[in-house]
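Below is one structure, written out as structure tokens, with a few remarks after it.
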Amino acid sequence: MKTHPFDKAIKLAAQDDGTWLGRTSAAYGNMVGPFGGITAAQALNAVLCHPDLLGEPVSLTVNFAAALSDGEFSVQARAARTNRSTQHWIIEMLQAGQTVLTATAVTALRRETWSVDEESMPACPLPDDVPLQKGVAPIEFVKRYELRPIVGGMPEVWDASGHSSLSQLWVRDQPPRALDFASLCAIADIFFPRVFIRRSTHVPVGTVSMTVYFHAGAEQLAKTGDGYLLGQARAQAFRNGFFDQTSQLWSHNGDLLVTTHQVVYYKE
């Protein structure tokens with residue numbers, strides 16, 4: 001069976017010193033360096049592969065210190081504290097001896113409790129009723145996803161006519177792949193920078209920090225399979241060279257799987 005490009009991209013090799021060795025993937029290349037979502041997934045995978053792992057991911061915060069260069073990198077994942085049902089991780093990614101990413105993660109043993117999704121899935125047309133994103137993907141990682149924008153797609157004309165940062169879209173891996181924590185982490189970063197959508201203007205941007213909150217456990221992800229996810233993203237404020245953006249991803253069944261918040265640098 002042919003290995004999915006995503007699985008190739010996040011593959012890590014255990015080293016004798018307890019670190020993990022990985023490589024950047026041309027299939028998930030961005031304008032400068034790799035797609036941030038794949039880098040976050042690689043960092044998370046160092047925790048998911050660790051022999052001391054307790055439970056499942058609950059949150060991941062990634063700080064992008066520098067853009068990765070093409071080639072090998074190493075990841076260190078350390079369980080800073082393990083409690084009865086939660087575990088706290090410190091993660092660092094290095095290239096040529098220099099830190100390019102720092103991260104923290106929390107994993108936990110989930111248990112059945114009273115549960116409700118306060119943020120309801122918005123009413124949207126079904127995936128088959130939404131056309132695929134137009135045009136050829138300008139950057140490589142976009143080709144790894146099937147994108148069906150409902151509102152707030154990438155501007156077709158860059159004329160500073162934007163008026164809202166809201167985007168809604170259907171998305172899944174391309175080719176389709178059963179959802180798991182690593183792929184959900186990557187898809188959580190699928191939304192184009194909100195300043196592009198709000199202004200319909202090209203400006204240099206770069207994510208500084210991203211936090212991913214996993215609301216679903218492995219059982220819910222398994223039920224989602226390789227189906228579409230409904231994504232929504234918007235910004236709260238653009239000011240003095242930084243903006244934030246929040247996003248949500250629901251399964252096709254209406255379950256809120258993940259929410260994210262990130263801070264992005266932009267330049268005039």
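The values are calculated or read from the model by the stated rules, or taken from the named source; none is laboratory data. Treat the numbers as computed from the prediction; the structure is a model and nothing was measured. Don't worry about glycine lacking a Cβ; one is built from the backbone with ideal geometry, like all the others, and counts go over all protein chains shown.
Overview of values
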{"read-out": "Residue list for the range 193-246, filter: among the hydroxyl-bearing types (Ser, Thr, Tyr) and touching a Gly at 6+ places or on another chain (Cβ under 6 Å)", "value": "SER200, THR207"}
{"read-out": "Count - residues of the range 154-176 that are under 16 Å from PRO127 (Cβ atoms), surrounded by fewer than 18 Cβ atoms within 10 Å (Cβ to Cβ) and either basic (Lys, Arg) or without any contact (Cβ under 8 Å) to a residue 40 or more places away in the chain (or both)", "value": "1"}
{"read-out": "Residue within the range 191-210 that is closer than 22 Å to PRO5 by Cβ, out of contact with any strand residue (DSSP E or B) (no Cβ under 9 Å at 6 or more places or on another chain), aliphatic (A, V, I, L, M) and in contact (Cβ under 8 Å) with a residue 12 or more places away in the chain present", "value": "no"}
{"read-out": "Yes/no for ASP117 being more than 20 Å from THR207 (Cβ to Cβ), of a type in the set (D, E, K, R) and in contact (Cβ under 8 Å) with a residue 40 or more places away in the chain", "value": "yes"}
{"read-out": "ALA67 being in a loop (DSSP other than H, G, I, E, B) and within 18 Å of the chain's Cα centre (by Cα)", "value": "yes"}
{"read-out": "The range 85-113, residues that are assigned to a loop (DSSP other than H, G, I, E, B) and over 24 Å from VAL258 (Cα atoms)", "value": "ALA96, GLY97"}
{"read-out": "Residue match in the range 113-128 (condition: under 24 Å from PHE243 (Cα atoms) and either loosely packed, with under 10 Cβ neighbours inside 10 Å or of a type in the set (A, V, I, L, M) (or both))", "value": "no"}
{"read-out": "Conditions (1) under 22 Å from ALA218 (Cβ atoms); (2) modelled with pLDDT under 95; (3) in contact with a strand residue (DSSP E or B) (Cβ under 9 Å, 6 or more places away or on another chain): number failed by GLU112", "value": "(3)"}
{"read-out": "Scope the range 26-47; condition within 15 Å of THR211 (Cβ to Cβ) and small (Gly, Ala, Ser); matching residues", "value": "GLY36, GLY37, ALA40, ALA41, ALA43"}
{"read-out": "Some residue of the range 114-124 being more than 15 Å from THR259 (Cα to Cα), assigned to a loop (DSSP other than H, G, I, E, B) and of a type in the set (Ser, Thr, Tyr)", "value": "yes"}
{"read-out": "Set GLN236, GLN248, GLN220: member being within 13 Å of the chain's Cα centre (by Cα) and either more than 21 Å from LEU60 (Cα to Cα) or not small (Gly, Ala, Ser) (or both)", "value": "GLN248"}
{"read-out": "Cross-chain or 6+ apart pairs with Cβ under 9 Å, the range 235-247 first and under 14 Å from ILE197 (Cβ atoms) and free of Cβ contacts under 8 Å to residues at least 12 places away in the same chain, then part of a strand (DSSP E or B) and of a type in the set (S, T, N, Q)", "value": "GLN236/GLN245; GLN236/THR246"}
{"read-out": "Tally, over the range 253-268, of residues that are modelled with pLDDT of 95 or more and over 17 Å from PRO204 (Cβ atoms)", "value": "8"}
{"read-out": "Which listed residue is part of a loop (DSSP other than H, G, I, E, B) and either of a type in the set (Gly, Ala, Ser) or closer than 16 Å to THR104 by Cα (or both), from ASP16, ASP52", "value": "ASP52"}
{"read-out": "Extreme residue, nearest to the chain's Cα centre (by Cα), among residues of the range 1-43 that are among the small types (Gly, Ala, Ser) and within 14 Å of SER74 (Cβ to Cβ)", "value": "ALA43"}
